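Here the structure is laid out as structure tokens; the discussion comes afterwards.
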Amino acid sequence: MIQTIKMNLDDTERLALISKALSSETRIDILRQLRHKDLNVNEIAEILSIPASSSAAHVKVLEEAGLIRTTLHPGIRGSMKLCHIVLDHIYVELNTTRNLEQKVEIIKMPIGSYVDYKVQPTCGIVSAKGPIGAEDEPRCFYLPERIEAQLIWLGDGYIEYRFPTYTFADKEIISLEISMELCSEDHEFNMDYPSDITLWVNQQEAGTWTCQSDYGGRRGKLNPDWWPDKNTQYGILKTWKLTKTGTFIDDEKTSDVDLESFHLFDKEYISVRIGIKEDALHKGGLNLFGEGFGDYAQSIVMKVFY
């Protein structure tokens, strides 16, 4: 599915990756070729008269920037990596919503540190070393070993976390961001499997993102060697933003519910729940990635700007 990316000067990491990808005439030529049809690495090398190794290196940069996606297909000599473009538009606004004098508090929450859950199969937990408990057995989500989780999946339900407020409770909060790597959940992987994934903060809905796929077809960049190729491999890094003017997913406004409506200091913690609404149109479950699985070396990250 073709996507549109909208960014401003606050999207530092994504801007840097895309700028790097577009800084090479060869990579621009590759994108131009992929606008017409999907190509594998060797075909790109032949068309552009470059070594296959160079073609592979350029493809990697484009994929890391999120401009293209690759999938593995059977070839004459093993498998081949087929490339297809996934973006139609990139918009960059040269503005910022951040005051240069503001400060930020960053809290990193391991995905295994949940305090409550309600899950239905398909479901499971794995650490960097292997499975935690039995697959499709919700009772295993109570196992103490869950703290070591690096990938959690569920077919329906939610997982809840609690973030401490003591380090910024006396500050004037300007905005709050929560980011994590996510995708849909089907048995093994399914590139055409949408899911409506919702975030709640202190029981107040902060927005629903429709993920289009349970991503696979190529290995996640951080996945351990023992993880099977046929399983879910990676997700997309999404950021929910709560501001004084409304709530956003990345830079797309989802509602006019403002920061004050989330009552951040009513308790000694901020509740963050990620899951599937009971009335969701696409009940495709979710995969939640830790810092040792998927494409992004992070768990759940909360940034509090004050």
Between Ser53 and Ser79, the two model label points (7 Å from Cα along the beta-carbon direction) sit apart by a distance in nm of 2.3 nm
re the range 3-93: pairs of Cα atoms spaced beyond 19 Å account for a percent value of 38 percent
Where in the chain are the DSSP H helices whose C-alpha atoms run 15 Å or more along the long axis and whose mean Kyte hydropathy is at least -1.0? 52-64
Multiply the residue gap between Lys221 and Ile107 by 0.36 nm, knock off their C-alpha separation, and tell me the result in nm, one decimal place. 38.7 nm
Mind giving me the FRET efficiency for Lys303 and Glu278? R0 is 22 Å, r the Cβ-Cβ distance, nearest 0.05 is fine. 0.15
The range 104-305, dipole about Cα centre (Lys/Arg Cβ +1, Asp/Glu Cβ -1), debye to the nearest 20: 360 debye
So if I take the centroid of the Cα atoms in the range 114-185 and the same for the range 8-81, what is the distance between those two points in Å? 33 Å
For the range 99-145, run through the GluC sites (Glu not before Pro) and keep only the ones in DSSP coil with at most 15 other Cβ atoms within 10 Å of their Cβ. Glu101, Glu135
Total formal charge among the other residues, if their Cβ is under 10 angstrom from that of Ala128, Lys/Arg +1 and Asp/Glu -1: -1
With viscosity set to 1.306 mPa s at 10 °C, what whole-number translational diffusion coefficient in µm²/s follows for the chain from Stokes-Einstein and a Kirkwood radius over Cα pairs? 77 µm²/s
Can you tell me how much longer the chain between Tyr166 and Asp10 gets when fully stretched, taken as 0.36 nm per residue apart minus their C-alpha distance, in nm with one decimal? 53.6 nm
May I ask which of Lys103/Lys241; Lys118/Lys221; Lys253/Lys277; Lys103/Lys244; Lys108/Lys241 have a Cα-Cα span longer than 23 Å here? Lys118/Lys221
If the chain between Asp136 and Asp116 were fully extended at 0.36 nm per residue, the gain over the current Cα-Cα distance would be 5.5 nm
How many nm separate the modelled label positions at Val92 and Gln3, each set 7 Å beyond the Cα in the direction of the Cβ? 1.8 nm
Can you give the local net charge around Gly216? Use residues other than it whose beta-carbon is closer than 10 angstrom to its beta-carbon, Lys and Arg +1, Asp and Glu -1. -1
For the range 3-93, what number of Lys pairs, 8 or more residues apart or on separate chains, have alpha-carbon atoms under 20 Å from each other? 5
Label zone at Thr26 (point 7 Å along Cα-to-Cβ), backbone N below 14 Å, the range 44-74: 44-62
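No lab work stands behind these numbers, since they all come straight from the coordinates. As the structure is a computational prediction, the values presented were derived from the model and not from experiment. Quick reminder, even Gly has a Cβ in these numbers, built from the backbone with ideal geometry, and neighbours come from all protein chains shown.
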